[in-house]
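Trainee: Just passing along the structure, written as structure tokens.
What follows draws every value from the coordinates through simple rules; no lab data is involved. What you see is a predicted model; the values in this text were computed from it and never measured. Because the Cβ atoms are built from the backbone with ideal geometry, glycine has one as well, and the counts that use them run over all protein chains shown.
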Amino acid sequence: MKHESKCRNPHGHNYVAFIHAEAPELDELGRVIDFGVLKEKVGGWIDTWWDHGFIYARGDRAMQQALLTFDEFRPKQFCLNRNPTAENMAAHLLDDVCPEVLDGTGVTVTKVVLWETENCFVEVTLT
């Protein structure tokens, strides 16, 4: 939406997400959380909703209309309530996804670092 460079065209990225978690105390094994559980819960959400899909902004009516024109091939889609910049995607993971999928674990995600390319990344921190 209204991007001024080549990123205004529909395109994709291979993101890498770093999830920073903390807990009031370590578990009986001395961990905040088993990394396998973190990967299953947060990574599972990403795999289900974003991986190999098309993420677009809720207010982007032209993109919504274009996605409706696919007849045989309908791409996996996720409608983000903000413009799908790396910053907004990281904020969505931090503010919305992580609290939901980690509910009941006693773990809080305090920062999400999202790499868009090997030299372009963002950090979003819990306030």
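Trainee: Along each of its three principal axes, how wide is the spread of alpha-carbon positions in the chain, in whole angstrom units, largest first?
Mentor: In descending order, the Cα extents are 53, 31, 24 Å.
Trainee: Right, here's the next one. Starting from the Cα-Cα distance between residue 29 and residue 79, subtract it from 0.36 nm times their residue separation and give me the gain in nm to one decimal.
Mentor: Contour length minus the Cα-Cα distance gives 14.1 nm.
Trainee: If R₀ is 25 angstrom, what is the calculated FRET efficiency for the pair residue 96 and residue 47, using the beta carbon separation as r and rounding to 0.05?
Mentor: My answer for the efficiency is 0.90.
Trainee: Gaussian network model of the chain, Cα springs within a sub-10 Å range: biggest mean-square fluctuation belongs to which of 52, 20, 11?
Mentor: Of the options given, 11 has the highest mean-square fluctuation.
Trainee: If you don't mind, there's one more thing I want to ask. Using Cα pairs under 8 angstrom and six or more residues apart, how large is the relative contact order of the chain, in percent?
Mentor: Relative contact order of the chain: 33 percent.
Trainee: Putting +1 on Lys and Arg Cβ atoms and -1 on Asp and Glu Cβ atoms, find which of 57, 24, 45 reaches farthest to the positive end of the dipole of the range 18-72.
Mentor: Farthest towards the positive pole: 57.
Trainee: What full-extension length gain, to one decimal in nm, is calculated for residue 14 and residue 40 as 0.36 nm per residue of separation minus the Cα-Cα distance?
Mentor: Difference between extended and current length: 7.5 nm.
Trainee: Based on the mean of other beta carbon atoms within 10 Å per residue, what is the order of 87-98, 104-115, 30-41, most packed first?
Mentor: Highest-to-lowest ranking by the protection proxy: 87-98, 104-115, 30-41.
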